[in-house]
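Contents: one structure, followed by commentary.
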Amino acid sequence: MNPAAGRGTARARIPEFRAAFAALGLPEFQETRVAGDEERLAALAIEQGVERIVAVGGDGTCARIASAVLASGRSCRLAVVPCGTGNDFAKTLGVEKLRLHEIASLVERDQPTRIDVGRADDHHFLNSCGFGFDASVLEGTQAVRFLKGEVIYIYSAVAQLFTYRGVSVSVGSGARAEKVLMLTVSNGRYLGGAFRIAPHASVIDGKLDVGCFGDIGVIGRVRIFAGALRGTHLGLPSVKTERVSSITLRFADPPLMEVDGELRRARSSIVKIGCVPLALSVIAAPGYPL
């Protein structure tokens, strides 16, 4: 569990989490102490033979635990209790609106399924990675202290909608650089909680959904923003999409990138991204993942 998830709101629910899973005979309960602690704790648990890990936190917590599972090469299953800001991965698993005892029951029944994961710049991701406006909006949320939940992303996006200057990127080898508002590579459908950035994406199809959003002025940006909230932006002339197994992006300098709700600086100006099909075992709600 990450007590700092949801800007600290998860901390108050610790007794509730402990009680729900202890009642099912799942006794091991670990809290993170510093940022990134999830991966270390998960790796230790897997070494000790743990076969199920419940991530209590947001998308960053889930991604770090998933990285530990993937690095181990073992079939440990990942379940999620959403307590983060956007909870995009919880939506993918269909557990975002489930009550705690319902998620605990899913874990107890232990009927796993496998999903794809993405890999960008040698980091695995569950939901998406993004460049340009996406990363800038995430960076902007760090200065917003008076809001909580997915409204933080909406507020930050609106604040930058008229001032962000775009980013230049070329897609594939030999392509000419093009200035865009943003470029997203999605495994799941959601971004920042409120945005259905890749409404047709699937975590079980062995592909990633690429969205290239043209920078065509203020009115065009507003249309993209409004459409992304509803998942209708794909019909706009300024939005180009493709479904790929892998993709190579070239920037003038190592770009700032959003990876599962966290900021990273790419190691070089060339970023390689690919799909790892059905790499992770998860516990999801009936009918999910899609």
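The values are calculated or read from the model by the stated rules, or taken from the named source; none is laboratory data. Keep in mind it's a predicted model, so treat the numbers as computed, not measured. We place every Cβ from the backbone using ideal geometry, glycine too, and count neighbours over all the protein chains shown.
Touching a Leu at 6+ places or on another chain (Cβ under 7 Å) and under 24 Å from LEU290 (Cα atoms): is that true of GLY132 in this structure? Before the answer, list the steps.
Numbers: touching a Leu at 6+ places or on another chain (Cβ under 7 Å): yes; under 24 Å from LEU290 (Cα atoms): no.
The answer is no for GLY132.
Using the structure shown, decide if GLY140 is surrounded by fewer than 17 Cβ atoms within 10 Å (Cβ to Cβ) and without any contact (Cβ under 8 Å) to a residue 24 or more places away in the chain. Reasoning before the result, please.
Details: surrounded by fewer than 17 Cβ atoms within 10 Å (Cβ to Cβ): no; without any contact (Cβ under 8 Å) to a residue 24 or more places away in the chain: yes.
So GLY140 fails the test.
With respect to SER268, determine if the residue is exposed (fewer than 14 other Cβ atoms within 10 Å of the Cβ) and either within 22 Å of ASP205 (Cβ to Cβ) or outside the structural domain of LEU181 (by TED's automatic domain parsing) (or both). The answer is no for SER268. Remark: VAL117 falls outside the filter, which requires a residue to be modelled with pLDDT of 90 or more, in contact with a strand residue (DSSP E or B) (Cβ under 7 Å, 6 or more places away or on another chain) and part of a loop (DSSP other than H, G, I, E, B).
For segment 127-244, no strands (runs of 3 or more DSSP E) sit wholly inside it while including 3 or more residues that are closer than 16 Å to THR92 by Cβ and at pLDDT below 95.
Please find, within segment 234-265, the residue that is surrounded by the most Cβ atoms within 10 Å (Cβ to Cβ) out of those that are of a type in the set (Val, Ile, Thr) and touching a Phe, Trp or Tyr at 6+ places or on another chain (Cβ under 6 Å). It would help to see each step written out before you state the result.
Quick first cut of segment 234-265, residues of a type in the set (Val, Ile, Thr) only: 239, 241, 244, 247-248, 259.
Now drop any that are not touching a Phe, Trp or Tyr at 6+ places or on another chain (Cβ under 6 Å), which leaves 239, 259.
Numbers: VAL239: 18, VAL259: 25.
Here the answer is VAL259.
Residue check: PRO15 meets all listed conditions (1) under 26 Å from SER128 (Cβ atoms); (2) free of Cβ contacts under 8 Å to residues at least 24 places away in the same chain but one, namely (1). Going by the conditions given, is VAL69 farther than 30 Å from LEU147 by Cβ, surrounded by 23 or more Cβ atoms within 10 Å (Cβ to Cβ) and touching a residue at least 40 places away in the same chain (Cβ under 8 Å)? Criteria met by VAL69.
For segment 81-104, a residue qualifies if it is free of Cβ contacts under 8 Å to residues at least 40 places away in the same chain and not in a helix (DSSP H, G or I), and the qualifying residues are PRO82, GLU96, LYS97, ARG99. Does ALA35 meet the test of being of a type outside the set (S, T, N, Q) and at pLDDT 90 or above? No.
What number of residues in segment 19-60 are loosely packed, with under 14 Cβ neighbours inside 10 Å and either outside any loop (DSSP other than H, G, I, E, B) or in contact with a strand residue (DSSP E or B) (Cβ under 7 Å, 6 or more places away or on another chain) (or both)? Residues in segment 19-60 being loosely packed, with under 14 Cβ neighbours inside 10 Å and either outside any loop (DSSP other than H, G, I, E, B) or in contact with a strand residue (DSSP E or B) (Cβ under 7 Å, 6 or more places away or on another chain) (or both): 5 in total.
Tell me yes or no: at least one residue of segment 232-239 is polar (S, T, N, Q) and touching a residue at least 60 places away in the same chain (Cβ under 8 Å). I'd like the intermediate steps shown before the answer.
Initial filter on segment 232-239 (polar (S, T, N, Q)): 232, 238.
Now drop any that are not touching a residue at least 60 places away in the same chain (Cβ under 8 Å), which leaves none.
Taking every residue of segment 232-239 in turn, none turns out to be polar (S, T, N, Q) and touching a residue at least 60 places away in the same chain (Cβ under 8 Å).
Taking the residues in segment 85-115 that are in contact with a Leu (Cβ under 6 Å, 6 or more places away or on another chain) and crowded, with 20+ Cβ neighbours inside 10 Å as candidates, determine which candidate is nearest to ARG196 (Cα to Cα). So, considering only residues that are in contact with a Leu (Cβ under 6 Å, 6 or more places away or on another chain) and crowded, with 20+ Cβ neighbours inside 10 Å, the one nearest to ARG196 (Cα to Cα) is PHE89. Could you check segment 63-80 and list, in sequence order, the residues that are under 14 Å from the mean Cα position of the chain (by Cα), in a helix (DSSP H, G or I) and either under 15 Å from ALA285 (Cβ atoms) or small (Gly, Ala, Ser) (or both)? Matches in segment 63-80: ALA63, ALA66, SER67.
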